[in-house]
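Q: Have a look at this one before I ask anything.
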Amino acid sequence: MCAHPAGPRHAEHYPHVDTAGYPPSTSAELDRLYPKVWPRNSFRAPDGVVRIAGVDVRELAEQYGTPLFVIDEADFKSRCAEYAEAFDDPSLVHYASKAFLCTEVARWIAAQGLSLDVCSGGELAIAQRAGFPAERITFHGNNKSIAELEAAVDARVGTVVVDSYHEIARLAEVAAARDVVQAVLVRVTVGVEAHTHEFIATAHEDQKFGFSLAAGDAAEAVRRVLNASSLKLIGLHSHIGSQIFDPDGFEVAARRVIGLIAELGKEHGPELVEQLSIVDLGGGFGIAYTERDNPPPPAQMVTQIREMVRRECSFAGLPVPKIAGEPGRAIAGPGTVTLYEVGTIKDVTLGDNQQRRYVSVDGGMSDNIRTALYDAAYDVRLVSRASDDGQPAEVTAVRSRVVGKHCESGDIVVRDCWLPDTLVAGDLVAVAATGAYCYSMANNYNRLPRPAVVAVRNGNSRLLLRRETTEDMLGLEVS
Ligand SMILES: Cc1ncc(COP(=O)(O)O)c(C=O)c1O
Ligand SMILES: N[C@@H](CCCC[NH3+])C(=O)O
């Protein structure tokens with residue numbers, strides 16, 4: 001076991017720990033729920049047990065089983081409201097449903113007046129099941145099938161974001177066959193190197209999304225859309241990546257899109273500039289996964305971007321377009337935790353005689369693949385009791401790694417963390433900020449069932465998505 005020394009804590013004592021920081025020296029520190037990381041309505045009660053929106057995590061585990069995604073409903077809705085205010089109009093906020101979508105969440109989004117970004121027939125089907133107003137749906141994707149384009153047009157979605165020449169031709173045909181004039185945005189690759197993980201940056205040249213501005217493809221895409229009588233160009237779209245804290249990338253993107261509008265105005269005349277009334281700057285607003293992350297508040301980021309667009313437009317003598325955005329992670333991420341039950345605990349000796357404790361939980365890379373995929377960092381806490389069980393005893397922080405139950409050594413949920421030496425099998429731990437891209441990227445590796453998802457509010461819980469069953473899995477078998 002790796003006890004933290006009584007003396008001064010220097011980084012060199014912990015050469016392997018690069019993301020967990022120094023060990024907490026008190027059980028209060030070990031048990032702390034950082035407000036910017038944990039759901040807004042979560043707190044540790046005097047009995048040491050964490051409540052989320054007034055619901056005891058032990059009761060949730062008892063009632064629904066683990067692993068379990070727990071959504072603080074009020075937290076989710078409050079973030080919708082903050083973006084609606086920041087963008088000055090809720091319908092300009094297109095919640096990126098890829099972060100997390102189920103029927104009830106689509107209803108929350110609809111009720112808040114937000115729009116919805118879907119990028120597959122499956123996401124569209126859920127939106128339709130929820131009765132989401134079609135005119136507030138935007139359909140995305142770099143390889144939409146004909147069936148998806150047909151479904152989108154049949155549903156009368158408000159906007160399709162076109163992403164390839166091939167798709168412009170296909171969509172024009174699909175819309176014409178239905179006698180529909182489909183509103184579209186052209187997705188522009190603005191050539192910004194966003195400061196984020198390579199796999200979640202999307203506006204540099206060497207990737208699959210959008211039409212390159214620099215190579216002239218975006219201007220050509222606009223020409224082709226204008227030539228299609230069944231398509232109506234209403235604006236331009238850019239998405240530079242995800243988990244971005246610095247507004248500079250958005251500003252550069254916006255400046256380049258405005259520059260393109262000015263060029264298009266020269267080529268096609270002022271009517272086209274009037275017609276390009278929407279600039280959608282995509283999503284990517286970052287969140288705090290650990291206490292070291294400091295994302296700017298939505299209002300600050302969005303206001304800065306909008307003011308910059310206003311300046312650029314007045315400088316270029318252009319009318320100011322409406323600025324839309326597509327936050328996914330920033331709405332869904334922070335208000336959800338994943339609750340796991342602790343199983344096997346194993347100590348391993350590292351090369352320099354230090355030790356690391358492997359804490360296995362009952363899920364893993366099937367419910368959170370982000371750590372394996374992006375080396376994502378998370379905050380994990382013992383939540384079913386206080387580390388010291390309310391006794392004024394000394395509790396030692398143990399350098400730990402939370403791992404899943406899959407047959408894969410990369411099956412890591414939290415790479416580096418400090419957990420109490422009192423942790424035992426049967427305890428509940430929770431990983432914070434798992435509302436975005438965890439359930440939506442969940443899989444059945446090793447035939448694990450996808451977890452259930454519950455919403456908690458005002459002391460009550462309700463199931464939004466039930467846990468998968470062995471019968472669900474066997475139901476796919478045909479022989
Ligand atoms: C086009 C588009 N819009 C919006 C988003 C949502 O991003 P985020 O969840 O980081 O806000 C994404 C994902 O990166 C995207 O590809
Ligand atoms: N799935 C990624 C982000 C990509 C979002 C969609 N373009 C994540 O978990 O961070």
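The values are calculated or read from the model by the stated rules, or taken from the named source; none is laboratory data. As the structure is a prediction and not an experimental result, all values here were calculated from the model. Here the Cβ positions follow ideal geometry from the backbone for every residue, glycine too, while neighbour counts run over all protein chains shown.
Q: I need a count of the residues in the stretch 89-128 that are acidic (Asp, Glu) and away from ligand 1 (no atom under 16 Å from the Cβ).
A: Count: 2.
Q: If you don't mind, another one. What about Met301, is it in contact with a Pro (Cβ under 6 Å, 6 or more places away or on another chain), buried (at least 16 other Cβ atoms within 10 Å of the Cβ) and not in a loop (DSSP other than H, G, I, E, B)? Spell out how you get there, then give the answer.
A: Values: in contact with a Pro (Cβ under 6 Å, 6 or more places away or on another chain): yes; buried (at least 16 other Cβ atoms within 10 Å of the Cβ): yes; not in a loop (DSSP other than H, G, I, E, B): yes.
Spelling it out, Met301 is indeed in contact with a Pro (Cβ under 6 Å, 6 or more places away or on another chain), buried (at least 16 other Cβ atoms within 10 Å of the Cβ) and not in a loop (DSSP other than H, G, I, E, B).
Yes/no matrix, rows are residues, columns are (1) closer than 26 Å to Ala53 by Cβ; (2) surrounded by 20 or more Cβ atoms within 10 Å (Cβ to Cβ); (3) assigned by TED's automatic domain parsing to the domain that holds Ala299; (4) touching a helix residue (DSSP H, G or I) at 6+ places or on another chain (Cβ under 9 Å):
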| residue | (1), (2), (3), (4) |
| --- | --- |
| Lys77 | yes, no, yes, yes |
| Asp88 | no, no, yes, yes |
| Ser91 | no, no, yes, yes |
| Thr103 | yes, no, yes, yes |
| Gly131 | yes, no, yes, yes |
| Ala134 | no, no, yes, yes |
| Asn142 | no, no, yes, yes |
| Val157 | no, yes, yes, yes |
| Val160 | no, yes, yes, yes |
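Q: Hey, another quick one. Search the stretch 394-431 for residues being among the polar types (S, T, N, Q) and free of Cβ contacts under 8 Å to residues at least 60 places away in the same chain, and hand back the single one that is farthest from Pro449 (Cα to Cα).
A: Kept after step one, since they are among the polar types (S, T, N, Q), are these residues of the stretch 394-431: 396, 400, 409, 422.
Next cut, free of Cβ contacts under 8 Å to residues at least 60 places away in the same chain only: 400, 409, 422.
Details: Ser400: 26, Ser409: 20, Thr422: 30 Å.
Applying the filter and picking the extreme gives Thr422.
Q: Let me ask something additional. Going by what's in this entry, would Ala125 be described as in the same structural domain as Gln207 (by TED's automatic domain parsing) and either away from ligand 2 (no atom under 16 Å from the Cβ) or surrounded by fewer than 19 Cβ atoms within 10 Å (Cβ to Cβ) (or both)? Write out each step before concluding.
A: Numbers: in the same structural domain as Gln207 (by TED's automatic domain parsing): yes; either away from ligand 2 (no atom under 16 Å from the Cβ) or surrounded by fewer than 19 Cβ atoms within 10 Å (Cβ to Cβ) (or both): yes.
Spelling it out, Ala125 is indeed in the same structural domain as Gln207 (by TED's automatic domain parsing) and either away from ligand 2 (no atom under 16 Å from the Cβ) or surrounded by fewer than 19 Cβ atoms within 10 Å (Cβ to Cβ) (or both).
Q: Which of (1) touching a residue at least 60 places away in the same chain (Cβ under 8 Å); (2) more than 16 Å from ligand 2 (Cβ to nearest atom); (3) in a loop (DSSP other than H, G, I, E, B); (4) crowded, with 19+ Cβ neighbours inside 10 Å is the odd one out, the single condition Met365 does not satisfy?
A: The single condition Met365 does not satisfy is (2).
Q: I would also like to ask the following. Going residue by residue through the stretch 330-349, is there one that turns out to be modelled with pLDDT of 95 or more, within 15 Å of ligand 2 (Cβ to nearest atom), among the hydroxyl-bearing types (Ser, Thr, Tyr) and in a loop (DSSP other than H, G, I, E, B)?
A: no
Q: Continuing with the same structure: Here's a check for you: in the stretch 167-224, which residue that is of a type in the set (Val, Ile, Thr) and within 16 Å of ligand 2 (Cβ to nearest atom) is modelled with the lowest pLDDT?
A: So, considering only residues that are of a type in the set (Val, Ile, Thr) and within 16 Å of ligand 2 (Cβ to nearest atom), the one modelled with the lowest pLDDT is Ile200.
Q: Starting from the stretch 22-41, keep only residues that are more than 25 Å from Gly54 (Cβ to Cβ), then list their pairs with residues that are not in a helix (DSSP H, G or I) whose Cβ atoms are within a distance under 6 Å, requiring at least 6 positions of separation or different chains.
A: Correct list of pairs: Tyr22/Arg9; Pro23/His4; Pro23/Ala397; Pro23/Trp418; Pro24/Ala397; Pro24/Trp418.
Q: So Phe139 passes all but one of these: (1) within 16 Å of ligand 2 (Cβ to nearest atom); (2) closer than 25 Å to Gly210 by Cβ; (3) in contact (Cβ under 8 Å) with a residue 60 or more places away in the chain; (4) in contact with a strand residue (DSSP E or B) (Cβ under 6 Å, 6 or more places away or on another chain). Which condition number does it fail?
A: So Phe139 meets the others, but not (3).
Q: Another question, if that's okay. Would you say Val431 is under 26 Å from Asp75 (Cβ atoms) and within 16 Å of ligand 2 (Cβ to nearest atom)? I'd like the intermediate steps shown before the answer.
A: Details: under 26 Å from Asp75 (Cβ atoms): yes; within 16 Å of ligand 2 (Cβ to nearest atom): yes.
Yes: the conditions hold for Val431.
Q: OK, next. Can you find a residue in the stretch 226-237 that is at pLDDT 95 or above, within 16 Å of ligand 2 (Cβ to nearest atom), within 23 Å of Thr159 (Cα to Cα) and touching a helix residue (DSSP H, G or I) at 6+ places or on another chain (Cβ under 9 Å)? Don't jump to the end; show me each part of the working.
A: Step one: list which residues in the stretch 226-237 are at pLDDT 95 or above, which gives 226-237.
Of the ones still in play, those that are also within 16 Å of ligand 2 (Cβ to nearest atom) are 237.
Cutting the leftovers down to within 23 Å of Thr159 (Cα to Cα) gives us 237.
This time we only want the ones that are touching a helix residue (DSSP H, G or I) at 6+ places or on another chain (Cβ under 9 Å), so: 237.
Yes: one or more hits.
Q: If you don't mind, there's one more thing I want to ask. Being out of contact with any helix residue (DSSP H, G or I) (no Cβ under 7 Å at 6 or more places or on another chain), near ligand 1 (Cβ under 9 Å from one of its atoms) and not hydrophobic (A, V, I, L, M, F, W, C) is the filter here, so list the residues in the stretch 238-255 that pass it.
A: Restricting attention to the stretch 238-255, the residues satisfying the condition of being out of contact with any helix residue (DSSP H, G or I) (no Cβ under 7 Å at 6 or more places or on another chain) are 239, 244-246, 248-249, 252-253.
Within this subset, residues satisfying the condition of being near ligand 1 (Cβ under 9 Å from one of its atoms) are 239, 244.
Correct list: His239 only.
Q: Evaluate the following for Thr303: is it of a type in the set (Val, Ile, Thr), within 26 Å of Pro420 (Cβ to Cβ) and either within 16 Å of ligand 1 (Cβ to nearest atom) or not assigned by TED's automatic domain parsing to the domain that holds Val50 (or both)?
A: Numbers: of a type in the set (Val, Ile, Thr): yes; within 26 Å of Pro420 (Cβ to Cβ): no; either within 16 Å of ligand 1 (Cβ to nearest atom) or not assigned by TED's automatic domain parsing to the domain that holds Val50 (or both): yes.
It is false that Thr303 is of a type in the set (Val, Ile, Thr), within 26 Å of Pro420 (Cβ to Cβ) and either within 16 Å of ligand 1 (Cβ to nearest atom) or not assigned by TED's automatic domain parsing to the domain that holds Val50 (or both).
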